[in-house]
Amino acid sequence: MSPSPSLAARVRQAAHPGRDLSGCVCETGVLADRPDATVVRHGSLVGKAHAAGTDPEALAARLRVAARLPGVLLPPVTTAPDGRPRPHTLWPYGAPVDPDDPDAAPWEAAGTLLARLHRTPAPPGLPPMRGPAKAAAAVRRLRRTVGPGHPATAPVLAAWAGLDPWARAEAPMPAGVLCHGDLHLGQLVRHPAPDGPWHLIDVDDLGTGVPAWDLARPAAWYACGLLPPEEWARFLGAYRSAGGPAVPPDGDPWPALDVPARALTVQTAARSVTKAAAEDRPLDEVEQALVDACARMGGLPASPAPNPPT
């Protein structure tokens, strides 16, 4: 897929308002190019083409939340999405987390920002957080494109079947806290670049829901042995210190995290198996660890919660 010419033109024009662009020497760079998101940078601005079929009214509501929380979410340039069939939005450029420097991962910032987000009252009319719906979509894709013949399909589907209905997007979520919906380290940037404070980005899944979902991906990595205990402790400790409501202020957090962590494990495993099958290759070590975790989960009820590894 190639980046949308209209997106590139819009971000270029927005970066130089009222100027003759014939002399512009800024490089236009593609930061991401996927069916669900194409991101183009020109100078100090970034343009994003959202997934086809995105509800523009729901996206606009999410943009308004970001505009009202500039210390937590990166504020958009405007709160009005533009473009068809993929809505376009404009953002200031922020410096992302360096994937080659894991020791500098901003776990404390991530936990603090999440707590501040979760403590913010959700505005009326905000759509539900889209995390469970995305997990369900990953499982549907696994069923459709890989099928039962792959040895990893059965444990992933068995783990999925054991989840609570709300975590499978088959029932309403039992809480209404303002949530990010897709938290991982790729969703943090420094603004102003390169050394400004950290902000959360990507409002596509923002909405009301179960706040533990936003802690679930790091929790799942920790439970699968993919995130070191000290990094999990940094993240969880920062969240608790900032008054985050998803888990108790002390004691065992796992009863609150169990179902969302299982759901994120299944979602990530489903995506991993689908990708490996499409590339006609065996699962790598991390992918196999996720499938193994699903196999263990498949024989367990959704609650009570198991203890994570120590």
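In table form, for the structure just shown:
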read-out	value
Breaking point among (1) in contact with a helix residue (DSSP H, G or I) (Cβ under 7 Å, 6 or more places away or on another chain); (2) within 30 Å of R281 (Cβ to Cβ); (3) of a type in the set (A, V, I, L, M); (4) open to solvent by 40 Å² or more (accessible area, probe 1.4 Å), for A161	(1)
Output for the range 146-201, where each listed residue is outside any loop (DSSP other than H, G, I, E, B) and small (G, A, S)	A154, A158, A159, A161, A167, G186
Out of A95, A115, A109, sole residue that is in contact (Cβ under 8 Å) with a residue 60 or more places away in the chain, hydrophobic (A, V, I, L, M, F, W, C) and open to solvent by less than 10 Å² (accessible area, probe 1.4 Å)	A115
Those residues of the range 98-135 which are under 16 Å from L183 (Cβ atoms), part of a loop (DSSP other than H, G, I, E, B) and either over 16 Å from the mean Cα position of the chain (by Cα) or modelled with pLDDT under 95 (or both), in sequence order	A105, R119, T120
Single condition P218 does not satisfy, out of (1) open to solvent by 30 Å² or more (accessible area, probe 1.4 Å); (2) within 14 Å of the chain's Cα centre (by Cα); (3) closer than 13 Å to L264 by Cα	(1)
Those residues of the range 191-207 which are in contact with a Pro (Cβ under 6 Å, 6 or more places away or on another chain) and closer than 30 Å to P172 by Cβ, in sequence order	G207
Matching residues, the range 222-247, being in contact with a helix residue (DSSP H, G or I) (Cβ under 7 Å, 6 or more places away or on another chain) and in a loop (DSSP other than H, G, I, E, B)	C224, G225, L226, L227, A242, G243, G244, P245, A246, V247
Count of the range 248-266 residues which are open to solvent by less than 30 Å² (accessible area, probe 1.4 Å) and in a helix (DSSP H, G or I)	11
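The values are calculated or read from the model by the stated rules, or taken from the named source; none is laboratory data. Note that the structure is a prediction, hence the values are computed from the model and not measured. For neighbour counting, all protein chains shown are included, and Cβ atoms are generated from backbone atoms with ideal geometry for every residue, glycine included. For the accessible areas, the whole protein counts, side chains as well, though only heavy atoms, and no ligand, DNA or RNA atoms are used. Shrake-Rupley method; radii C 1.70, N 1.55, O 1.52, S 1.80 Å.
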